[in-house]
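A quick write-up on the structure given underneath.
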Amino acid sequence: MNKVLISNEQSSLQRIDSKCIDCGQCLEVCKTCNGLKDGDCIHCGACILKCPMGALVPKYNYKEVIANLHDEEKIVVASVSPAVRVSIGDEFGYSPGAFLEEKLVGVLKVLGFDYVLDTTFGADLTVMEEASEFIERLNQKKRPMFTSCCPSWVAFMKKYHENDLGLLSSTKSPIRMQGAIIKTYFAQLKQLNPEDIVTVFVTPCVSKKTEILNDGFCDYVITTSELAMMIREQSLDFKTVSEKKFDSLLGKGSSSGLIFGASGGVLNAVIRTGYYLLNHETPPHELVELSHLKGTDSFKEMEVDLKVCKINVAIVYGLRNLNSLYDSLKEKYDLIEVMTCDLGCVGGGGQPIVPINKKEEYIRERRKSLYQQDSNETCFSYENPEIKMIYDTFLDHPLSKKSKELLHFNHEER
């Protein structure tokens, strides 16, 4: 076998056989980027970005989304992931990393979505729940805790470290939290029938297509590259569409949620809120910056002072690095962020195809663009007014009974 095995039942990837030259690049990327054995697939889509012939593509769902947009009985809600707004411009002639949030919202409105929401709200919810869970584990001396918002990383754990699934955070990923809230809290406030709501998540990630299977709250995932196809098929001129803001209610996210799209962002956000929950005061500047963790190395570590205690944290992207580090990660660190794709979601398999020799440059510019926004907005999830409102009126508090029902799951049972 000289290529990645893709079954007809696979929900994330597909191969255009007429384009495939059987060069073996896709199989090589599985081994070198993710350390996978022959035949294993974790749905990350790294092979899509590596294929020299464009024979590998996401499994498209955008035509089903278009059909729902034309159904007058459906309320179609789009939620936009952080990394999409710094990559969609690659499809339409913008400079790498261009931050096009309001342009993106405007395009989705023209396409016919009834509501356009910001998935950074779901990321802020993830931060609140994950930081609370981490503190609970610290108090119970249950360490380490691995982040769990990258579905390909979770799939890797299930294949190679099944006995350690309990080390993964129980929090759902931002899109799954957002989906749950749209079909409960959002539906109630907007007086909508949840059965009429169709949730569509625009993400940089191919693996999210498998993550939402049998979820009950998330209906479709379309990638950044799929959205570009939708825009072209509807004959829209991306550059001339009017800019719009996200709809209110789930339309507001902190920059802690925004940096989820880049390696290090999840861990940084959890530390910020964890410090606040432990000390009831704003984290110091050095804890917000965590500048040592903002480099582009695939493995980074540091000691973090949470005032009431010190913890050791680590960041890893690219699962090829994980196998040799895994045992030491479990032994030495309290909190570990793992992302499958290069520099995090900004390098996801659903992102626009760019020249292979310039791929690294594009990914770095996307990451830089997200972190530049970190100083321009509310940078703490717990200060997001919409997060405060949902806990005051619906969820009660992080790790409440309702929060655990809607926003958490057991990896071992799943």
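The values are calculated or read from the model by the stated rules, or taken from the named source; none is laboratory data. Since this is a predicted model, take the numbers as computed values, not measurements. For neighbour counting, all protein chains shown are included, and Cβ atoms are generated from backbone atoms with ideal geometry for every residue, glycine included. All accessible areas refer to the heavy atoms of the entire protein, side chains included, with ligands and DNA or RNA removed. Shrake-Rupley method; radii C 1.70, N 1.55, O 1.52, S 1.80 Å.
Quick notes on this structure:
- Leading residue by the ranking (farthest from Ile363 (Cα to Cα)) among those in segment 283-298 that are without any contact (Cβ under 8 Å) to a residue 12 or more places away in the chain and either part of a loop (DSSP other than H, G, I, E, B) or open to solvent by less than 50 Å² (accessible area, probe 1.4 Å) (or both): Pro284
- Lone qualifier among Val105, Val116, Val127, Val110 - being open to solvent by 30 Å² or more (accessible area, probe 1.4 Å) and either modelled with pLDDT of 95 or more or in a loop (DSSP other than H, G, I, E, B) (or both): Val110
- Condition met for Val354 (in contact with an Asp or Glu (Cβ under 8 Å, 6 or more places away or on another chain) and either surrounded by 17 or more Cβ atoms within 10 Å (Cβ to Cβ) or of a type in the set (Ser, Thr, Tyr) (or both)): yes
- Here Gly89 passes the criteria (1) crowded, with 22+ Cβ neighbours inside 10 Å; (2) part of a loop (DSSP other than H, G, I, E, B); (3) free of Cβ contacts under 8 Å to residues at least 60 places away in the same chain except the one numbered (2).
For (1) at pLDDT below 90; (2) within 20 Å of Leu36 (Cα to Cα); (3) among the β-branched types (Val, Ile, Thr), each residue gets a yes or a no:
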| residue | (1), (2), (3) |
| --- | --- |
| Leu287 | yes, no, no |
| Lys294 | yes, no, no |
| Phe299 | no, yes, no |
| Leu306 | no, no, no |
| Tyr317 | no, yes, no |
| Arg320 | yes, yes, no |
| Tyr333 | no, no, no |
| Thr340 | no, yes, yes |
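- The residues listed here are Ser263, Ser225; of these, the one that is under 19 Å from Glu102 (Cα atoms) and either touching a strand residue (DSSP E or B) at 6+ places or on another chain (Cβ under 9 Å) or modelled with pLDDT under 95 (or both) is Ser225.
- Conditions (1) within 16 Å of Glu243 (Cα to Cα); (2) part of a loop (DSSP other than H, G, I, E, B); number of the one not met by Glu73: (1)
- Every condition in (1) in contact with a strand residue (DSSP E or B) (Cβ under 8 Å, 6 or more places away or on another chain); (2) open to solvent by less than 10 Å² (accessible area, probe 1.4 Å); (3) aliphatic (A, V, I, L, M) is met by Leu167 except one, and the failing one is (2).
- A single entry from Leu213, Leu227, Leu236, Leu258 fulfils the requirement of being under 22 Å from the mean Cα position of the chain (by Cα) and either on the phi > 0 side of the Ramachandran plot or outside any helix (DSSP H, G or I) (or both): Leu213.
- Taken over segment 216-239, the criterion of being among the basic types (Lys, Arg) and either in contact (Cβ under 8 Å) with a residue 40 or more places away in the chain or open to solvent by less than 10 Å² (accessible area, probe 1.4 Å) (or both) is satisfied by Lys239 alone.
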